[in-house]
Amino acid sequence: MTLAACAALLGAAAGSTITWWVTRDGTTVSVADGRRLDSLQANSAGYARLNGAGGHRTLTVTVKGLPRTSGYFEVWLMDRTHTKLVSMGVLDSKGRATLPVPNNIDLREYSVVDVSVQPYNGKPDHSGDSVVRGQYAG
């Protein structure tokens, strides 16, 4: 009984800490924001959702706890092997983006979203420095 109570208390504390950390800048993130992405850098949490169908699809991405950079954060769609990538656009200064998804992108193939730290170097390639990655909801 005591072990169960301790486990419940620990779970509640962990949940409260995560909620505080994700919402500490005054914006909230909910299940409606999409599926949670895997964090690939300390203190980062991301969510992604595909909205709409047919000719009006959009990908909404929110990332909290972005690392400092002199560059920018780019959103990519990629295949499950992480070898085929399509640049979708960039996050705004608050770590958010709602980006159009062209109809000719096969979402069965490009089922993973990735956010990378990109330097201002004139090269359009993925930097190899990802912040979050995972499958989007929707």
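The values are calculated or read from the model by the stated rules, or taken from the named source; none is laboratory data. Remember, predicted model here, so these are calculated numbers, not experimental data. Note that we place each Cβ from the backbone using ideal geometry, even for glycine, and neighbour counts take in every protein chain shown. Surface accessibility is based on the protein's heavy atoms, side chains included, excluding ligands, DNA and RNA. Shrake-Rupley method; radii C 1.70, N 1.55, O 1.52, S 1.80 Å.
The accessible surface of segment 32-138, taken with every protein chain in place and a 1.4 Å probe, is 49 percent carbon and sulfur. With each pseudo-label sitting 7 Å past Cα toward Cβ, what's the His126-Thr83 distance in nm, one decimal? Here the modelled spin labels are 1.2 nm apart. Full extension of the chain segment joining Tyr72 with Thr58 gains 3.0 nm, where the gain is 0.36 nm per residue of separation less the Cα-Cα distance. Of the trypsin sites (Lys or Arg not before Pro) found in segment 94-125, those in coil by DSSP whose Cβ has at most 16 other Cβ atoms within 10 Å are Lys94, Arg108. Stretching the chain fully between Asp106 and Ala137 yields a gain of 9.6 nm (0.36 nm per residue, less the alpha carbon separation).
Each label point was placed 7 Å from the Cα along the Cα-to-Cβ direction; for Asp38 and Thr98 their separation is 2.9 nm.
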